[in-house]
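Shown next, in structure tokens, is the structure this report addresses.
No value in this document is a laboratory result; all are computed from the given coordinates. All figures in this text were calculated on a predicted structure; none of them were measured in a lab. Neighbour counts are summed over all protein chains in view; Cβ atoms, including those assigned to glycine, are modelled from backbone coordinates with ideal geometry.
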Amino acid sequence: MPQHHIAFWNVENLFGPENHPPRIDWVAKAMGSDLRGWTNALYDIKQDQLTKVIAAMNGGAGPDILGLCEVEDRAVLDDLVARVNEATGRSYGLVHADNLKDKRGIDTAFLFDETRYSVDPKLVFSHFVIRRTGTRDILQATFKTPEGRQLVCLANHWPSRSGGALESAGFRSTAGETLAYWHGRIREEAADGKRACVIAMGDLNDDPWDASVRFNANSTRERGDVERSQSPRFYNLSWEYLEWQSQTRTGSDRMLNGTLYYNNDGNVFDQILVSRPMLDTRDAAFKLVDGTAGPEAIPDMVSHRSSEGAIRFGLPKGNADKNVDTSGYSDHFPVSVTLEEGPDTAV
């Protein structure tokens, strides 16, 4: 059966240039100091670096569906799609919803191969995560194959650990609860009901063992528990890539301990959660291809230093020579998984 390469990447501050015409006023004010010196030339290099990685995914064919976070607006996504289309020879479309509640205005989005999927705008939702104030949204879209098989994808970017992991934990707990709620609602409303194939991806800003992911989002490392569950539970594939082997830009082999390194430590913030129908022995529209989940990195983006993971690009903050590495990419590694079409067709 046909296979589908599904990926997610936090592309680290993909903002338009310093004088970006579509920028909304309050974002310009909030991000003004960080974007001072963010020239058109630097922006173009950042876009080219991201394109290099995306085009290398899926064995050089590019992903079929790619979730993204930390993008400013539709304009920067249009620029990225144009580059990726040229690099891969594919025809990517966009699913995007402006997030006007995040304090930096950064959005989540999907790139998808328009020759493989259609997207009904009526089945695109932006679920805001609210706790005292609005934070980042969870973007939901249903991708339908020509044969009628449906895959419901949710792109997540949970609230950051700014102010301390413990102090900010409640915000991520609320994000997890929001995800779990909509997982249940999808099973009530989707064409294939409780057999709906649901995949949640994103930068959760927590590790897979943290309470927000395990309890609030209702995910587990125990695949069998999900296969037997009658309730909307997720199997968390990130438990399968707590450690992973890669090669650095200097040509050395390296074992990495996360998808993001911060303060010399690795964290597995970038996670993929899948619903029961993709795991069990019953028919479903899509099935997990075992052993395919994990980070997907080109050697050039992997640091040889034990205290670093992905080599970040950065923002100028008034001094591009000091704060921008034009040979970098993002502070996160992308993650991906392969699904295979099953015999079921949604009605």
Worksheet item: Counting alpha carbon pairs within less than 8 Å and at least 6 residues apart, what relative contact order, in whole percent, applies to the chain?
Response: 20 percent
Worksheet entry | Given 46/144; 52/322; 52/194; 122/287, the pairs whose alpha carbons are separated by over 27 Å | 46/144; 52/194
Worksheet item: Based on DSSP H runs of at least 4 residues, each adding -39500 (n - 2.57), what is the mean residue ellipticity at 222 nm of the chain after dividing by all its residues, to the nearest 500 deg cm²/dmol?
Response: -7000 deg cm²/dmol
Worksheet item: Any idea what the dipole of the range 33-85 comes to, in debye rounded to 20, about its Cα centre with Lys/Arg Cβ at +1 and Asp/Glu Cβ at -1?
Response: 160 debye
Worksheet item: What is the helix-to-structure angle for 169-189, meaning the angle in degrees between its Cα long axis and the longest Cα principal axis of the chain, kept from 0 to 90 and rounded to the nearest 10?
Response: 40 degrees
Practice prompt. Please identify every one of the GluC sites (Glu not before Pro) in the range 217-307 that sits in a loop by DSSP and has no more than 12 other beta carbons within 10 Å of its own beta carbon.
Written response: 243
Practice prompt. Please tell me the relative contact order of the range 134-209 in percent, rounded to the nearest whole number, where contacts are Cα pairs under 8 Å and at least six residues apart.
Written response: 35 percent
Worksheet item: What chymotrypsin sites (Phe, Trp or Tyr not before Pro) in the range 169-260 are in a loop by DSSP, with at most 14 other Cβ atoms within 10 Å of the Cβ?
Response: 209
Fill in: Helix 40-60 axis, angle to the chain major axis (alpha carbon atoms, nearest 10°)
30 degrees
Item to complete: Could you work out how far helix 25-35 tilts from the main Cα principal axis of the chain, as a 0 to 90 degree angle to the nearest 10?
Response: 60 degrees
Fill in: Among 278, 258, 247 the positive-end extreme of the charge dipole of the range 217-295 (Cβ point charges)
278
Worksheet item: Whose amide H sits under 5 Å from the amide H of residue 138, counting only residues 5 or more places off or on another chain, with H placed in the peptide plane?
Response: 127, 128, 129
Worksheet item: Under a straight-distance cross-link criterion of Cα-Cα below 13 Å, which aspartates and glutamates are reachable from residue 317, leaving out those fewer than 8 residues away in the same chain?
Response: 18, 34, 325
Practice prompt. Quick one: what are the phi-derived ³J(HN,Hα) couplings along the range 110-126, Karplus 6.51/-1.76/1.60 with θ = phi - 60°, whole Hz, x for glycine and proline?
Written response: 10, 9, 8, 6, 5, 7, 10, 9, 10, 10, 7, x, 6, 10, 10, 9, 10
Worksheet item: Can you pull out the trypsin sites (Lys or Arg not before Pro) in the range 123-181 that DSSP calls coil and that have at most 15 other Cβ atoms within 10 Å?
Response: 132
Worksheet item: What residues have an amide H closer than 5 Å to that of residue 38, excluding those fewer than 5 places away on the same chain, when H is modeled at 1.01 Å from N in the peptide plane?
Response: 18
